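Participant: Pasting in a structure now, in structure tokens, and then I'll have a few things to ask.
The values are calculated or read from the model by the stated rules, or taken from the named source; none is laboratory data. Fair warning: this is a prediction, and the values are worked out from it, not measured in the lab. Reconstructed Cβ throughout: ideal geometry from the backbone, glycine too, with neighbour counts over all protein chains shown. When the accessible area is computed, the model is the full protein with side chains, heavy atoms only, and any ligands, DNA or RNA have been set aside. Shrake-Rupley method; radii C 1.70, N 1.55, O 1.52, S 1.80 Å.
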Amino acid sequence: YPYPIPGKEFPDHQSFRKYGKGMKRDDWRRSNTDSIIHKLYRAIKAENPECQFGISPFGVWRNVDKDPNGSRTKAGPTNYDVLYADILLWLKKGWIDYVTPQLYWEIGHPLADYEVLVDWWSRNTYGKNCYIGLAMYRAGSNAAWKDKSQLPRQIEQIRKTPGLQGMAFFSSKSFEKNLNGWSDSLRLNYFKTPAPTPKVK
């Protein structure tokens with residue numbers, strides 16, 4: 001399901017009436033997404049059991065004001081409530097091998113603090129691999145992202161947090177531009193040697 005467009009409802013009225021089977025629309029939408037993920041996982045594993053299947057979701061599953069298991073954040077859209085993607089269910093059921101949450105906020109962000117979310121995801125993987133998605137592309141976009149230490153501090157936070165297996169950078173174009181000198185820093189310091197893909201748990 002796409003991010004909401006103000007004043008425009010997602011056009012699934014007829015499908016919901018036909019297939020809803022007495023469910024609330026939000027639950028029905030989530031069940032649609034769940035079934036796609038489950039079928040994809042089974043199809044991939046049937047073709048190649050060694051292939052790793054993962055999802056890179058929006059960085060917030062749910063805010064704590066909606067669910068006591070949610071993160072201490074105040075994000076507008078969330079996976080569960082707005083995008084109808086119950087990432088935690090997929091991890092719990094073993095329908096994905098890894099998750100790469102898009103934590104594209106800075107350390108200390110007032111609504112979605114990077115450090116808060118790194119900690120939350122590390123404790124909610126249900127034993128599956130978790131690679132934190134980092135926003136290299138945001139270099140220079142505001143005061144926090146003009147700070148050359150922002151990305152290195154985020155990397156260090158990941159490496160010292162138990163339960164995380166690594167990180168992924170968005171986007172590859174950012175490496176070509178060497179924004180904030182981070183491409184050099186990664187090549188010469190943080191990733192001097194190749195990073196092997198961790199085994200599926």
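Participant: Being in contact (Cβ under 8 Å) with a residue 24 or more places away in the chain, surrounded by 12 or more Cβ atoms within 10 Å (Cβ to Cβ) and not basic (Lys, Arg) narrows it down to one of SER171, SER183, SER141, SER122, so name that one.
Facilitator: Testing whether each residue is in contact (Cβ under 8 Å) with a residue 24 or more places away in the chain, surrounded by 12 or more Cβ atoms within 10 Å (Cβ to Cβ) and not basic (Lys, Arg) leaves just SER122.
Participant: With the structure loaded, tell me whether GLU50 is closer than 23 Å to SER122 by Cβ, outside any strand (DSSP E or B) and of a type outside the set (A, V, I, L, M) or whether it fails that test.
Facilitator: No.
Participant: What number goes with the only condition from (1) free of Cβ contacts under 8 Å to residues at least 40 places away in the same chain; (2) open to solvent by less than 40 Å² (accessible area, probe 1.4 Å); (3) not β-branched (Val, Ile, Thr) that ASP113 does not pass?
Facilitator: (1)
Participant: Hey, another quick one. Of all residues in the stretch 164-201 being among the small types (Gly, Ala, Ser) and not in a helix (DSSP H, G or I), which is nearest to GLY59 (Cα to Cα)?
Facilitator: ALA168
Participant: I would also like to ask the following. Whether any residue in the stretch 147-163 is open to solvent by 50 Å² or more (accessible area, probe 1.4 Å) and either within 17 Å of PHE58 (Cα to Cα) or within 16 Å of the chain's Cα centre (by Cα) (or both) is what I want to check.
Facilitator: The answer is no; no qualifying residue exists.
Participant: A further question follows. Go through the stretch 3-42 residue by residue and tally those that are under 28 Å from ALA75 (Cα atoms) and either of a type in the set (Phe, Trp, Tyr) or outside any helix (DSSP H, G or I) (or both).
Facilitator: 14
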